[in-house]
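A short worksheet on the structure shown next.
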Amino acid sequence: PATAEVARDALAIADLGVDNNIVRAPFSGVVTAKAAQPGEIVSPLSAGGGFTRTGIGTIVDMDSLEVEVEVGEASSAACSRRCRWRSCSTPIRTGRSPAR
């Protein structure tokens, strides 16, 4: 009985250790940049200098991207038919996402 209790406690501690190593984000997205390397110290707050990173990467919400492009004169007629103003929103399709 005591051995089973010790084993249950050890399993609970191991589960907590695994849970503390899972990275969670407040939204779904795609990781576009990895800023921290294995073994580096990472903190959610600025440590006031030193070698502690305050972030491990960059996550992008691919459903809410905004793109600014310059359109050449040859293509401007096609764009002006879709937009009455200088700035407008239109869907943009790409061949690949950063995740691929």
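The values are calculated or read from the model by the stated rules, or taken from the named source; none is laboratory data. These figures come from a predicted structure and were not determined experimentally. Note that each Cβ is placed from the backbone with ideal geometry, even for glycine, and that neighbours are counted across all protein chains shown.
Here are some notes:
- When Arg24 is tested against (1) loosely packed, with under 10 Cβ neighbours inside 10 Å; (2) modelled with pLDDT under 85; (3) charged (D, E, K, R); (4) more than 22 Å from Asp61 (Cα to Cα), only condition (4) is not met.
- Among the residues of region 1-30, those that are free of Cβ contacts under 8 Å to residues at least 60 places away in the same chain and either polar (S, T, N, Q) or not in a helix (DSSP H, G or I) (or both) comprise Pro1, Thr3, Asn20, Asn21, Ile22, Val23, Arg24, Ala25, Pro26, Phe27, Ser28, Gly29.
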